[in-house]
Structures are given as structure tokens and as C-alpha cells.
Amino acid sequence: MRKLIPHCRISLSLASSRGPRLLGCALSLLLSACDSAHSPPPPASPAAIGNAERGHRLLAQFQCGACHQIPDVPAARSYVGPSLANLGRQSYIAGQFANQPETLVRWIVDPQAMLPGTAMPAMGVSPDQARDMAAYLYGLP
Amino acid sequence: MSADFRQSALHPAGPDAAIIHNLSWLLIIGATVILLGMMVLLALALRRKKSGAPVRPLRWLVGGGVVLPLVVLTALLAWSTLRSAHLTRPSSQHAVKIAVTAKMWWWEVRYTDPASGRDIVLANEIRMPAGQSVYLGLSSDDVIHSFWVPALAGKVDMLPGRLHGMTVRADQPGIYRGQCAEYCGEQHARMALHVVVQTPEEFNAWLANQSKAAVTPTGALALRGRDAFVAQRCMACHAVRGVADEATLGPDLTHVGSRLYLGAGTLRNSPGAMAGWIADPHASKPGVRMPAAGDLDSATLAAITAYLEQLQ
């Protein structure tokens with residue numbers, strides 16, 4: 001961030017020699033200027049969709065490892081379905097749905113509703129639980 | 001759905017396990033006290049290396065090498081003999097008798113139907129009434145295994161061609177995990193079983209249900225599953241009473257849907273785990289005798305899964 005906007009740092013140091021009110025004004029002006037000019041707010045990481053730590057526990061609890069390989073989930077070494085190690089980098093889910101967080105959540109909750117006949121069963125995962133699972137999978141390195 | 005059930009000799013749930021628990025703690029504490037004593041002596045010896053009276057080796061040799069072990073081991077022998085006398089003696093004179101036959105790598109469990117006198121064949125899960133002594137007839141079909149449910153009793157080997165009796169009692173309802181305690185091959189580690197202790201009423205109701213033949217499925221999917229089960233020749237190894245009775249190579253599946261686990265403790269029983277297991281059991285339990293279903297389309301897999309899960 002700093003590297004991108006060196007002039008911001010300079011003006012900041014100038015502002016700091018004045019009174020606190022001036023400093024506040026300068027800062028707010030400065031920040032808004034920097035924001036609009038140089039760094040649009042980055043999109044939220046897909047992993048922010050839920051609680052990854054809880055998702056990790058849920059992936060083990062629902063025994064997703066009976067079919068999938070999932071890094072660092074106990075006993076998840078199966079080849080029945082695809083490995084989920086690189087899910088965050090995949091373009092498609094189940095070979096046909098664009099890999100978007102909410103799509104993944106819908107898929108985990110009820111795969112049969114999206115792709116009737118797929119071998120993956122609905123496991124009774126609630127949408128919130130699916131969000132946590134998605135957070136863990138998207139957060140994988 | 002809770003985590004795995006407790007398998008611990010430090011949390012005894014029956015009288016025999018309690019005796020073993022006492023003995024274990026006596027040995028652990030005794031050995032620690034002796035070790036600490038030795039270390040203190042060593043420290044003292046190192047400190048007085050330069051000055052003080054000369055060490056008299058004979059006294060230490062006779063005292064520490066003969067008298068101390070003699071006293072300690074004699075006392076230990078007397079105490080453990082006394083305590084072991086209270087361990088349950090195997091007796092087949094109990095109302096509930098269960099035959100457990102170890103196989104590579106699962107457990108066949110047989111009850112006698114109190115109504116008809118016929119065998120009820122089950123697998124990988126033993127149920128017993130709380131507070132009642134139960135007789136277990138332990139044997140093996142192939143190699144040497146060992147029956148060990150740490151919360152209930154000590155180990156008893158299971159040898160091919162021999163029958164070892166064992167009487168166990170669990171005081172409280174609960175679920176206790178056990179596992180093979182004699183290395184028996186590739187999947188020795190995933191040869192577990194669960195002992196479910198219930199109130200006598202629950203136990204009797206459970207046994208009465210297990211004695212029944214498989215229910216005829218009501219749903220269309222499960223019905224399709226039953227046909228696929230036969231068409232895929234699953235019953236070459238698995239019996240489902242009322243559908244195909246003969247096979248004994250693999251676990252009897254008449255009431256598989258009512259079990260806690262699949263694959264002898266490998267996966268908790270759920271539709272997803274069941275489907276994954278059928279599609280490729282080797283992915284979860286490499287080396288298991290059951291082959292992977294190479295040519296099952298997903299609809300057939302779902303149908304067979306639905307059929308097996310409703311076999312309660």
C-alpha cells in the first residue's frame with residue numbers, strides 16, 4: 001500500500017506538525033483522496049464467508065473424507081470424489097457451476113438439487129455449516 | 001453426533017477393568033517412587049564424592065539388590081494374587097451368550113434368539129444389558145487376534161481352532177470402543193468394535209428387532225436398491241436375512257443401518273459414508289477384502305445406499 005502511494009506518507013508527516021484538529025482534517029481528506037485515486041477496496045476474500053476453524057471440524061464430523069482428500073482433515077484421503085486441496089483455484093464446481101462462494105454453499109447443502117444424479121449425497125449440512133466448510137476450503141494455501 | 005467413544009483403561013466401566021485399573025496405578029506409582037529414590041541416592045552419591053566415609057558396596061548390593069526387590073516383589077505378588085482372585089472367572093452359565101469370531105479385519109457377532117433358539121448373526125457391534133454378566137465365546141477364523149475393550153476387561157486372545165471364554169459385566173449404560181490387540185495384518189489398526197451397554201429393557205427390544213429378517217423397503221429408491229444389491233452380487237459375500245441368507249464371507253447386513261459404524265469402526269454410519277464406502281472401501285481402509293465397486297453409476301450407488309441405510 002505504502003509503496004503505491006508515497007505522496008501520502010509525505011503529506012502525513014507534514015500534517016503531524018500541526019494541531020490535532022488540523023491533523024484530523026488532513027488525514028480524512030488524505031485518506032479519501034488516496035482511496036478514490038489509488039486503491040479501490042479489495043473484494044472480500046472468499047474465505048470470509050464463514051468460520052474456517054469451525055469448518056475444519058465440520059468437514060471431519062460429516063466425514064467428507066469418506067470420498068474426498070482434504071488437506072489437514074483427519075482420515076480424508078479418499079479417491080471416490082475429487083480432491084478438495086485446490087478447490088479455491090478451481091474455476092468450476094462439479095465440472096459445471098462457476099466457483100462462487102454462495103454456489104459452493106448451495107452445492108454442499110444439496111448437490112442433488114443442483115445436479116440430479118450426482119454421486120454426492122445431501123449430507124444434512126445446514127447453510128451456515130456449509131459456509132464454515134467453504135471458508136476452510138477457500139482458505140487452503 | 002458425538003466424537004469417537006472412549007477407549008480407555010483409565011476409565012473403568014466394569015469390575016474387572018476396575019481391578020486392572022487399581023493394579024496399573026499401583027505399578028505406575030510404585031515404579032515412580034523407586035525411580036525417584038534411586039535418583040536421590042545418585043544425587044547424594046555424586047555430592048559426597050570427594051569427602052565423607054567410604055561407600056560399603058556389600059551393604060548396598062545386599063540391601064538394594066537383594067532385600068529391596070525381594071520385599072517389593074513379594075508384596076506385589078501377594079497383592080496382585082489377592083486382587084486377581086476377584087477377577088471374573090469365565091463361565092458360560094449366563095443368560096446372554098455372545099459368540100465373537102475375529103476375521104481379517106472385522107468381527108462376526110452371534111446371539112442366540114431367545115424365542116426361536118436360532119443364531120442371530122451381526123457384525124462389529126456388541127450390545128449387552130447393563131449390570132448383567134455376559135458370556136463371550138471368542139474365536140478366530142484366520143489368524144490370531146485379540147479381544148480388548150479396555151473399559152470393560154483385559155485382553156483375551158482369539159485363536160483359530162480354539163474357543164476362549166470370557167465373562168464381562170458393564171455397570172453403566174454407555175458405549176465403549178474396543179479393538180484388536182494382536183497384530184493381524186494390514187488393517188489391524190482399523191479392526192475396532194463398539195460395545196453398546198443398554199438397560200435390560202432396551203437390550204431385549206434391540207435383540208428382538210435384530211432377530212427379525214430384513215424389512216421390505218417401502219420407498220421406490222430403496223426398492224431399486226434392493227434389486228441392485230442382488231444384481232451387483234453383493235450377496236456373494238454379504239447376507240441379508242430374508243433376501244439372501246447364505247453368505248458368510250463379509251459382515252451380515254440384515255440390520256446394517258442400525259449400526260454405529262461401518263468397516264469395523266472405520267467410518268461413522270451415515271448415508272454419505274455408506275456411499276463412499278461402497279464406491280471404494282480401499283480409500284478408507286486400504287487392503288480390506290471388499291472390492292471397490294468399479295462399474296456402479298451414481299444412481300445405483302444412491303439406491304443401494306438408501307436400501308442399506310433403511311435396514312434398521
query: Among strands (runs of 3 or more DSSP E) lying entirely in the stretch B:58-155, which contain 2 or more residues that are among the acidic types (Asp, Glu) and within 28 Å of B:Leu253 (Cβ to Cβ)?
result: none
Enumeration of residues in the stretch A:126-139 that are crowded, with 21+ Cβ neighbours inside 10 Å and within 14 Å of another protein chain (Cβ to nearest Cβ): A:Gln129, A:Ala130, A:Met133
message: For the stretch B:247-266, check the following and say yes or no: at least one residue is at the interface with another protein chain (Cβ under 9 Å from one of its Cβ atoms) and within 21 Å of A:Val109 (Cα to Cα).
response: no
- request: Just name the residue that is nearest to the other protein chains (Cβ to nearest Cβ) out of those in the stretch A:63-119 that are under 24 Å from B:His282 (Cβ atoms) and in a helix (DSSP H, G or I).
  value: A:Ala66
The stretch B:260-290 - residue that is charged (D, E, K, R) and under 28 Å from A:Gly117 (Cβ atoms) and, of those, surrounded by the most Cβ atoms within 10 Å (Cβ to Cβ): B:Lys285
query: So which residues in the stretch B:297-312 are outside any helix (DSSP H, G or I) and at the interface with chain A (Cβ under 9 Å from one of its Cβ atoms), if there are any at all?
result: B:Asp297
- request: Return the total of residues in the stretch B:213-248 being under 16 Å from B:Arg259 (Cα atoms) and either surrounded by fewer than 14 Cβ atoms within 10 Å (Cβ to Cβ) or in contact with a helix residue (DSSP H, G or I) (Cβ under 8 Å, 6 or more places away or on another chain) (or both).
  value: 2
query: Just wondering, is there one or more residues in the stretch B:104-112 that are touching a helix residue (DSSP H, G or I) at 6+ places or on another chain (Cβ under 6 Å) and among the hydrophobic types (A, V, I, L, M, F, W, C)?
result: no
message: Just the residues that are in contact with a Cys (Cβ under 9 Å, 6 or more places away or on another chain) and either of a type in the set (Gly, Ala, Ser) or modelled with pLDDT of 95 or more (or both), please, taken from the stretch A:109-141.
response: A:Ala119, A:Met133
- prompt: In this structure, is B:Asp113 farther than 22 Å from B:Leu260 by Cα, in contact with a Ser or Thr (Cβ under 8 Å, 6 or more places away or on another chain) and acidic (Asp, Glu)?
  reply: no
message: On the basis of being under 30 Å from B:Pro90 (Cα atoms), assigned to a loop (DSSP other than H, G, I, E, B), modelled with pLDDT of 90 or more and not aromatic (Phe, Trp, Tyr), does B:Ala13 make the cut?
response: yes
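The values are calculated or read from the model by the stated rules, or taken from the named source; none is laboratory data. Everything quoted here is computed from the prediction, not taken from an experiment. In this analysis, Cβ positions are derived from the backbone assuming ideal geometry, glycine residues included, and neighbour counts consider all displayed protein chains.
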